[in-house]
Amino acid sequence: MDSARVAVRVQARARRNEVLVRGGVLTVRVSAPALEGRANAAVCRLVAERVGVAPGQVTIIRGKRARDKLLEVGGIDQAAAEAALGLL
């Protein structure tokens with residue numbers, strides 16, 4: 001099965017949930033606070049929705065307690081994930 005790894009920068013407690021590319025960096029803004037993993041769960045849901053996979057297919061590989069994270073997205077290859085997130 002294919003999987004992709006995507007580096008993201010997270011902004012918690014944003015006004016709205018959105019995924020955008022700023023200066024070549026994938027930024028994920030979520031309205032959830034960075035408490036008890038709520039922002040992390042929101043990031044996984046939002047990225048999964050954007051690339052078209054189930055939320056359980058997105059896991060945080062590195063950076064669970066940091067702003068910069070490395071996500072692994074299962075069920076999609078690297079090029080398709082980057083295209084869906086606007087990185088290409």
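Some values worked out for this structure:
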| item | result |
| --- | --- |
| Lone unmet requirement of (1) among the hydrophobic types (A, V, I, L, M, F, W, C); (2) assigned to a loop (DSSP other than H, G, I, E, B); (3) touching a helix residue (DSSP H, G or I) at 6+ places or on another chain (Cβ under 9 Å) for residue 35 | (3) |
| Residue tally, condition in a loop (DSSP other than H, G, I, E, B) and either touching a Lys or Arg at 6+ places or on another chain (Cβ under 6 Å) or closer than 13 Å to residue 8 by Cβ (or both), over the stretch 57-71 | 4 |
| Qualifying position, being out of contact with any helix residue (DSSP H, G or I) (no Cβ under 6 Å at 6 or more places or on another chain), outside any loop (DSSP other than H, G, I, E, B), free of Cβ contacts under 8 Å to residues at least 40 places away in the same chain and among the aliphatic types (A, V, I, L, M), among 43, 47 | 43 |
| Residues that are surrounded by fewer than 19 Cβ atoms within 10 Å (Cβ to Cβ) and under 21 Å from residue 84 (Cβ atoms), drawn from the stretch 27-52 | 27, 41, 45, 49, 50, 52 |
| Residue count, the stretch 72-88 (criterion: in a helix (DSSP H, G or I) and surrounded by 16 or more Cβ atoms within 10 Å (Cβ to Cβ)) | 4 |
| Search result, residues across the stretch 56-70 that are touching a residue at least 12 places away in the same chain (Cβ under 8 Å) and under 22 Å from residue 84 (Cβ atoms) | 57, 58, 59, 60, 61, 68, 69, 70 |
| Some residue of the stretch 16-26 being part of a helix (DSSP H, G or I), among the hydrophobic types (A, V, I, L, M, F, W, C) and in contact (Cβ under 8 Å) with a residue 24 or more places away in the chain | no |
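The rows are residues; the columns are (1) among the charged types (D, E, K, R); (2) more than 12 Å from the chain's Cα centre (by Cα); (3) more than 13 Å from residue 3 (Cα to Cα).
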{"residue": "46", "(1), (2), (3)": "no, no, yes"}
{"residue": "49", "(1), (2), (3)": "yes, no, yes"}
{"residue": "57", "(1), (2), (3)": "no, no, no"}
{"residue": "69", "(1), (2), (3)": "yes, no, yes"}
{"residue": "75", "(1), (2), (3)": "no, yes, no"}
{"residue": "80", "(1), (2), (3)": "no, yes, no"}
{"residue": "85", "(1), (2), (3)": "no, no, yes"}
{"residue": "88", "(1), (2), (3)": "no, yes, yes"}
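Only the coordinates and a few stated rules stand behind these numbers; no lab work does. Because the structure is a prediction, the values reported are computed rather than measured. Cβ sites come from the backbone with ideal geometry, for glycine too, and all protein chains shown count toward neighbours.
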